[in-house]
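What follows is a set of notes on a single structure, which appears directly below.
The values are calculated or read from the model by the stated rules, or taken from the named source; none is laboratory data. Note that the coordinates shown come from a computational prediction; the quantities given were computed from them, not determined experimentally. Positions of Cβ are backbone-derived with ideal geometry, glycine not excepted, and every protein chain shown enters the neighbour counts. Note: areas computed on protein heavy atoms with side chains; ligands, DNA, RNA excluded. Shrake-Rupley method; radii C 1.70, N 1.55, O 1.52, S 1.80 Å.
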Amino acid sequence: MMIGLLGLFIKLSLFSLIAFGGVNALLPTLYDISVNQEGWIDPQTFIHYFAIAQAAPGPNLLTVTLIGWNAFGLAGALLATLAVCWPSCILIFYLQQVIAKLQHLQWKKTIEYSASALAVGLVLASAWQIAIRINGNWAAYALTIFSILFVLLSKRHPLYLIGLGAILGFFGFI
Amino acid sequence: MRLSPARLFITFTFIGLSGFGGVLPWARRALVEQKQWLSSQEFNALLGVCQLVPGPNIVNLAVCVGERFGGVRGAFAAVGGLMLAPMTVVILLALLYDHYGEFERVQGILRGISSVGVGLIAATGFKMLKDELTYPPMLIVIAISIVIATIYQLALGWVVAITLPLALLVAWRKAR
């Protein structure tokens, strides 16, 4: 148990260190680590926990909390959450001070622009890979595409979409 | 302006609990529009810096805002506020899932929500893409990273290693 918890903490800390663009941008990597490499969770539960984390209020990283919960209970949930947060918390704490002092404007902008471009690529690639894993039929893809258009074209709250997804799923369309 | 850790904790608890389908819009609403602790420009600049480091951006933002208004204790208070209540909620939902997750209807609901969830991620990507349209050459960098990650399915380290030199070059010209 202790060894397992330590492994969870270290693996997820390393995952956090490569998670440019946030946790969802690297969801396929998280899936690979927790399902294929470590066996903390089975594929179906992973997808269900992703859905629970989306439906609940709070940051997207709650998927990680639930993976820890599934493997090691409450201690696992707390340690997994801590693991995914602490590396970036320390990095940003110091980086914020360094960037504030950075004088050369072009370098500062170059760093910001390239980071944001990479983040866009990673988020879109991740959405694509996750869609292939979780969408089982054409109706699921249609719902995904509708969700994208809804968010981009409408000002309404995404909670409506989550409700719609729940209803369609309840009646067996997805 | 200085704020007490308690105030930061409470404000970020509300931000965390209202964040259905992504916390960032709610953080902007609370910090910029309601509390007016930050101007719109300050918020964007801060978020830009938060996206430079790996890890959850919203947590990074809580660290920055907490530190700015309350020092190290403020940073801890903001992150704690953001995380504690949502973690409790999601674990309660997981307990319910343990009891009712076997039912086909429940599985259907979760399948439906995850199809929406992946759409929300993609939509965030497209919104971020819109900001990149101001300098179209950057789209080449983005396209290459997507192709490497999805079609060739290379590990993330490779995606960054291959794309970064070009990204830096294009960004250097954009910044000029």
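Per-structure values
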{"quantity": "Residue match in the stretch A:7-19 (condition: at pLDDT below 90 and not in a helix (DSSP H, G or I))", "calculated": "yes"}
{"quantity": "Residue within the stretch B:38-49 that is more than 9 Å from chain A (Cβ to nearest Cβ) and in contact (Cβ under 8 Å) with a residue 24 or more places away in the chain present", "calculated": "yes"}
{"quantity": "Candidate set from the stretch A:128-145 (those that are without any contact (Cβ under 8 Å) to a residue 12 or more places away in the chain and not hydroxyl-bearing (Ser, Thr, Tyr)); member that is most open to solvent (accessible area, probe 1.4 Å)", "calculated": "A:TRP138"}
{"quantity": "Whichever residue in the stretch B:131-163 is modelled with pLDDT under 90, within 9 Å of chain A (Cβ to nearest Cβ) and surrounded by fewer than 16 Cβ atoms within 10 Å (Cβ to Cβ) and, among such residues, is nearest to B:ASN44 (Cα to Cα)", "calculated": "B:ASP131"}
{"quantity": "Residue satisfying all of: in the stretch B:32-46; open to solvent by 60 Å² or more (accessible area, probe 1.4 Å) and polar (S, T, N, Q); farthest from A:LEU152 (Cα to Cα) among these", "calculated": "B:GLN36"}
{"quantity": "Selection status of B:LEU168, in a loop (DSSP other than H, G, I, E, B) and either facing chain A (nearest Cβ under 9 Å) or under 14 Å from A:GLY121 (Cα atoms) (or both)", "calculated": "no"}
{"quantity": "Single residue of the stretch A:148-173 satisfying the filter (of a type outside the set (Gly, Ala, Ser) and not in a helix (DSSP H, G or I)) that is surrounded by the most Cβ atoms within 10 Å (Cβ to Cβ)", "calculated": "A:PRO158"}
{"quantity": "Only one of B:ARG29, B:ARG2, B:ARG73, B:ARG7 that is out of contact with any Ser or Thr (no Cβ under 7 Å at 6 or more places or on another chain), closer than 23 Å to A:ASN24 by Cβ and surrounded by fewer than 19 Cβ atoms within 10 Å (Cβ to Cβ)", "calculated": "B:ARG29"}
{"quantity": "Residue within the stretch B:117-127 that is closer than 30 Å to A:TRP107 by Cα, among the basic types (Lys, Arg), without any contact (Cβ under 8 Å) to a residue 24 or more places away in the chain and in a helix (DSSP H, G or I) present", "calculated": "yes"}
{"quantity": "Boolean, A:PHE15 is at the interface with chain B (Cβ under 10 Å from one of its Cβ atoms), aromatic (Phe, Trp, Tyr) and buried (at least 21 other Cβ atoms within 10 Å of the Cβ)", "calculated": "yes"}
{"quantity": "Wholly within the stretch B:1-79, helices (runs of 4 or more DSSP H) carrying at least 1 residues that are more than 26 Å from A:VAL64 (Cβ to Cβ)", "calculated": "B:5-18, B:40-50"}
